[in-house]
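Below you'll find the structure, written out as structure tokens, and then a few comments.
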Amino acid sequence: MPRDTMPLIPVSSRALAYAALICTTALWGSNGVVSRALMDTIPPLVMAAARWVVVFVALLPLVWSERHALARSLRRDWKLLVALTLLGGAPQTMLVYSGLAASTAIHLGLLNSTIPVFIILISWGWYARRPTRLESIGLPISLVGVVLILAHGDLRSLVQLQFNHGDLLMLGAVLVWAVYTLRLKQRPQSLSLFAFVFALALIGNLLTLPFAALQWVQAGGVHFGTREWLGLLYVGTVATLVPAILFSYGVERVGAVRAGILIHLMPVFSSVFAALFIGEKLFPYHAAGFVLVAGGAILGCLRPEPVLSSQATTKT
């Protein structure tokens, strides 16, 4: 069936997809708070690998019934799965954590806010998809809100930001994630979302565990107490596994560009969680930034793209 004749997804499905994407950004926002606390005792490569080991173990019983489909897909689609793992799995997480260890949380938030910009620019240059008028208006509004929050209400402070090699690593991770978001629609449709994320976790662990083991040895071992185990359990399941499923679900139903625009909400949730759990204070500029971020994101998502239903995509 030609692509332009396939049905649009129902409005109720789009609403559910947007809810899933907003929940995704909230969980990713919480990940920054927990991961930053864990990095005091766990080296970045070890933590990134451990995060995806938790995902692997948590999904194993859920995808056991799909083991034959997984084996077939790993044989048939291994090049695609390896590419998606490099872009959005454990290797990308290692890049983020390595950069974060040499930089600051404010820089990570600032760089994460550029993901929607990269998605729109790449989709424009790579897929010849011009941004819509609403996206062209909403994206800058949302970006101003993010910058206002990160600059603590004083835009002059941005001039004083100095970028180091950690910032460059995180910028690379941001760019890689933007490409992953655009390539996500190509994931093997023979696998459920759970099985797909399991495949990413399996391949990612094979690629990254040797590097994590080397850093473990260089660090003279790592002590895992109750705090570390609970933190990794949260990061691996609530902040990685659940968002990975919800993000894939949302991208398939509303498109990569609109899913990317909603990433602007991540610094909003990060600020709220930081205030609630690590004692940081909220100020009037936070409220102004929240309004701009949310308003710009909603504006950019008002006009739906002709995205295919999940049932239709399996027939291509």
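Starting at the first residue of the range 205-222, write each ³J(HN,Hα) from the Karplus equation 6.51 cos²θ - 1.76 cosθ + 1.60 with θ = phi - 60°, in whole Hz, x for Gly and Pro.
So the Karplus estimates, Gly and Pro as x, are 5, 4, 7, 10, 4, x, 5, 5, 5, 5, 5, 4, 5, 4, 7, x, x, 10 Hz.
For the range 178-282, give the percent of accessible area contributed by carbon and sulfur heavy atoms, probe 1.4 Å, rounded to a whole number. Don't skip to the end; give the middle numbers.
On the way: 3100 of 4370 Å².
The nonpolar share, carbon plus sulfur, comes to 71 percent.
Can you give the relative contact order of the range 42-134 as a percent, counting alpha carbon pairs under 8 Å and 6+ residues apart?
About 35 percent, as a whole number.
Given a 1.4 angstrom probe, what's the average accessible area per residue across the range 182-272, in square angstrom? Working shown, then result.
Details: 3480 Å² over 91 residues.
Result: 38 Å² per residue.
Which ³J(HN,Hα) values, rounded to whole Hz and listed in residue order, are derived for the range 79-89 from phi using the Karplus coefficients 6.51, -1.76 and 1.60 in 6.51 cos²θ - 1.76 cosθ + 1.60 with θ = phi - 60°, glycine and proline given as x?
In residue order, the calculated couplings are 5, 5, 5, 5, 4, 5, 5, 4, 7, x, x Hz.
How would you order 61-72, 17-28 from highest to lowest mean count of nearby Cβ atoms within 10 Å?
Numbers: 61-72: 13.3, 17-28: 20.2.
By packing density, highest mean first, the sequence is 17-28, 61-72.
Taking the mean number of other Cβ atoms within 10 Å as a proxy for protection, how do you rank 219-227, 240-248, 178-186 from highest to lowest?
Listed from highest to lowest mean packing, they are 240-248, 178-186, 219-227.
Mind checking which of 69, 25, 35 is farthest towards the positive end of the range 15-145's charge dipole, using Cβ charges of +1 (Lys, Arg) and -1 (Asp, Glu) about the Cα centre?
It is 69.
With a 1.4 Å probe and all protein chains left in place, how much accessible area per residue does the range 27-125 have, in Å²?
So the range 27-125 comes to 40 Å² accessible per residue, rounded to a whole number.
Could you rank the peptides 36-48, 194-206 by their average count of other C-beta atoms within 10 Å per residue, with the highest value first? It would help to have the intermediate numbers written out before the result.
Details: 36-48: 19.7, 194-206: 23.0.
Answer by packing, highest mean first, reads 194-206, 36-48.
The values are calculated or read from the model by the stated rules, or taken from the named source; none is laboratory data. Keep in mind it's a predicted model, so treat the numbers as computed, not measured. Virtual Cβ from ideal backbone geometry, glycine too; neighbours counted across all protein chains shown. Surface areas here come from the heavy atoms of the whole protein model, side chains and all, with no ligands, DNA or RNA. Shrake-Rupley method; radii C 1.70, N 1.55, O 1.52, S 1.80 Å.
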